[in-house]
């Protein structure tokens, strides 16, 4: 039984998350020949202040990118 955990920063719409679940499921069905009803996909949304990127917290990194524009 495949279990997929997708971690993203907050902000994706319900439609985008639905598309992710559908596409990941379709890929596992196609590539691994698994039954869709045996596939579990979990999406975890994480606040940008709790996600590090390029040596900085993501919210700080985004602020810096905005200053450089």
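Just so you know, all these numbers are worked out from the coordinates, no wet-lab data involved. Bear in mind the structure is a predicted one, so any value in this text is a computation, not a measurement. Methodologically, a virtual Cβ is constructed for each residue, glycine included, from the backbone with ideal geometry; neighbour enumeration extends over all protein chains shown.
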In nm, spacing of pseudo-spin labels at residue 3 and residue 47 (7 Å Cα→C-beta vector): 2.7
Sites residue 34 and residue 10 - FRET efficiency at Förster radius 30 Å, r taken between beta-carbons, to 0.05: 0.55
Helix 14-32 versus the longest principal axis of the chain: what is the Cα-based angle in degrees, 0 to 90, to the nearest 10? 50
Counting each DSSP H run of 4 or more residues in the chain as -39500 (n - 2.57), what helix-only mean residue ellipticity at 222 nm follows after dividing by all residues, to the nearest 500 deg cm²/dmol? -13500 deg cm²/dmol
